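These notes are about the structure you will find just below.
The values are calculated or read from the model by the stated rules, or taken from the named source; none is laboratory data. What you see is a predicted model, and the numbers here were worked out from it, not measured in a lab. As a convention, Cβ positions derive from the backbone with ideal geometry for all residues, glycine included, and neighbour counts pool all protein chains shown. Each accessible area value is taken on the protein alone, full model and side chains, heavy atoms only, with ligands, DNA and RNA left out. Shrake-Rupley method; radii C 1.70, N 1.55, O 1.52, S 1.80 Å.
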Amino acid sequence: MTNEKELLAKYNLLPIKISYNNKTKIITTATNSYTIKIKESPTSHIYQYLDSHNFSNYLRQINSPRDAYEIYPYIEEKKLDPETKALDLIYTLSLLHNKTTTYQKINLDEIKEKYEKIENEIDYLLSYYYDLQEYIENKVYMSPAEYLLIRNINLIYISLNNAKGHINEWYQLKNTKEHERQVFLHNNLTLDHFLVSDNNYLINWKKSKQDSPVYDFVNLYRKEYENVEMESLYNIYQSKYQYTKDEKILFYSLIELPWKITFKNTNYINTLKVEKLIDYLKKTNHFISKEYEKDQKTQQEELHK
């Protein structure tokens, strides 16, 4: 197998400097800079698909897809605050979804499998938190993190029960339809996987797939809710690529799911973990409530036309 040094020589990329930006290895030559990494999975078919749908907001590999490494131009990012960068990301995401939208005949077996997977996760989390609550309440002394969790445990149950209600509603809706909308998902969406320079680039496509458009925004929401204000981003995205009713309900169900809290660290870190979960659930509850209010207002306005 060709090693990194041989591959660079093959493409006449003679390094005068090697540096790192976090985990990114940067090869600087006399004319340009490049990043190089071991190929984790084939990507040429992904880029061919994006090209065939006139989506150009990705970095083009400069070497052969048959090589054991991937080489890309190194992009010097503009220095933007997270809100501005997230706004650019939303416009790029809506472009990706608009350009790759297809309508597929619904496979009820796949819908049932997706429904059961989410329902089983909800039931598991309900059981987990019931057991954890019982364990904590039977202790003689609670830690600060445990006390904070018990004080807010109903918020977790409310979120899980709302998620269950939404996924049941989604499943009923899907069983009445013949076709569904799908897009090509980036499926690993974070601010770190988006570069803003002379162009906007989505990077790290290794998890990409064809599925419901909601999963990209779910990923962004769950990973970046602390860094950017999600409500305005969601509204902008909806103005460019509006969810159908069943898509919106699936989206609600997925963002309502709490993650599993374990107490394996210091009291301070455990307390921060609980605070983070509580903050996420409160923001999500508020976000969905406002969306329901807007939907009801829109329905009333349409009735009075």
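Among residues that are among the hydroxyl-bearing types (Ser, Thr, Tyr), closer than 21 Å to TYR252 by Cβ and either free of Cβ contacts under 8 Å to residues at least 40 places away in the same chain or surrounded by 12 or more Cβ atoms within 10 Å (Cβ to Cβ) (or both), SER127 is not included. Once region 148-157 is narrowed to residues that are part of a helix (DSSP H, G or I) and not β-branched (Val, Ile, Thr), the residue that is farthest from the chain's Cα centre (by Cα) is ARG151.
Pairs are defined by a Cβ separation below 6 Å, a sequence spacing of at least 6 or placement on different chains, a first member in region 202-220 that is more than 13 Å from VAL183 (Cβ to Cβ), and a second member that is open to solvent by 30 Å² or more (accessible area, probe 1.4 Å) and acidic (Asp, Glu); the pairs so defined are LYS206/GLU40.
Within region 186-204, the residues that satisfy the criterion of being in a loop (DSSP other than H, G, I, E, B) and buried (at least 21 other Cβ atoms within 10 Å of the Cβ) are HIS186, LEU189.
Looking only at region 250-275, how many residues end up being in contact (Cβ under 8 Å) with a residue 24 or more places away in the chain and surrounded by fewer than 14 Cβ atoms within 10 Å (Cβ to Cβ)?
Step one: filter region 250-275 for residues in contact (Cβ under 8 Å) with a residue 24 or more places away in the chain, giving 250-258, 260-261, 263, 267, 270-271, 273-275.
Within this subset, residues satisfying the condition of being surrounded by fewer than 14 Cβ atoms within 10 Å (Cβ to Cβ) are 260, 267.
So the answer is 2.
Scanning region 1-55 for residues that are closer than 16 Å to TYR72 by Cβ, among the hydroxyl-bearing types (Ser, Thr, Tyr) and not in a strand (DSSP E or B) yields TYR11, THR29, THR31, SER41, THR43, SER44, TYR47.
Mind listing whichever residues of region 170-195 are under 20 Å from ASN98 (Cβ atoms) and of a type in the set (A, V, I, L, M, F, W, C)?
Restricting attention to region 170-195, the residues satisfying the condition of being under 20 Å from ASN98 (Cβ atoms) are 179-189, 193-194.
Selection gives VAL183, PHE184, LEU185, LEU189, PHE194.
Suppose we filter SER289, SER232 for residues that are open to solvent by 10 Å² or more (accessible area, probe 1.4 Å), under 20 Å from LYS164 (Cβ atoms), among the small types (Gly, Ala, Ser) and part of a helix (DSSP H, G or I); which single one remains?
SER289 is the lone residue from the list that is open to solvent by 10 Å² or more (accessible area, probe 1.4 Å), under 20 Å from LYS164 (Cβ atoms), among the small types (Gly, Ala, Ser) and part of a helix (DSSP H, G or I).
Which ones in region 125-147 are in a helix (DSSP H, G or I) and polar (S, T, N, Q)? Across region 125-147, the qualifying residues are SER127, GLN133. Report, by residue number, each residue of region 11-23 that is free of Cβ contacts under 8 Å to residues at least 40 places away in the same chain and either loosely packed, with under 15 Cβ neighbours inside 10 Å or touching a Gly at 6+ places or on another chain (Cβ under 8 Å) (or both). Matches in region 11-23: ASN12, LEU14, ILE16, LYS17, ILE18, SER19, TYR20, ASN21, ASN22, LYS23. Comparison of GLU224, GLU247 shows that the only residue that is closer than 21 Å to LYS276 by Cβ and either in contact with a helix residue (DSSP H, G or I) (Cβ under 7 Å, 6 or more places away or on another chain) or open to solvent by less than 10 Å² (accessible area, probe 1.4 Å) (or both) is GLU224. Just one of the listed residues (LYS99, LYS78, LYS85) is open to solvent by 50 Å² or more (accessible area, probe 1.4 Å), part of a helix (DSSP H, G or I) and of a type in the set (D, E, K, R), and it is LYS99. I need the full set of residues from region 35-50 which are in contact with a strand residue (DSSP E or B) (Cβ under 9 Å, 6 or more places away or on another chain), of a type outside the set (A, V, I, L, M) and open to solvent by 20 Å² or more (accessible area, probe 1.4 Å), in order please. The answer is THR35, LYS37, LYS39, GLU40, TYR47, TYR49. Restricting region 102-119 to residues that are outside any helix (DSSP H, G or I) and open to solvent by less than 60 Å² (accessible area, probe 1.4 Å) leaves a set whose member that is nearest to TYR252 (Cα to Cα) is ILE106. One residue alone among ILE90, ILE122, ILE71 is at pLDDT below 95, aliphatic (A, V, I, L, M) and either surrounded by 14 or more Cβ atoms within 10 Å (Cβ to Cβ) or assigned to a helix (DSSP H, G or I) (or both), and that residue is ILE71.
Any residue at all in region 256-271 that is within 19 Å of the chain's Cα centre (by Cα), of a type outside the set (Ser, Thr, Tyr) and in a helix (DSSP H, G or I)? Looking for residues that are within 19 Å of the chain's Cα centre (by Cα), of a type outside the set (Ser, Thr, Tyr) and in a helix (DSSP H, G or I), one finds at least one in region 256-271, hence yes.
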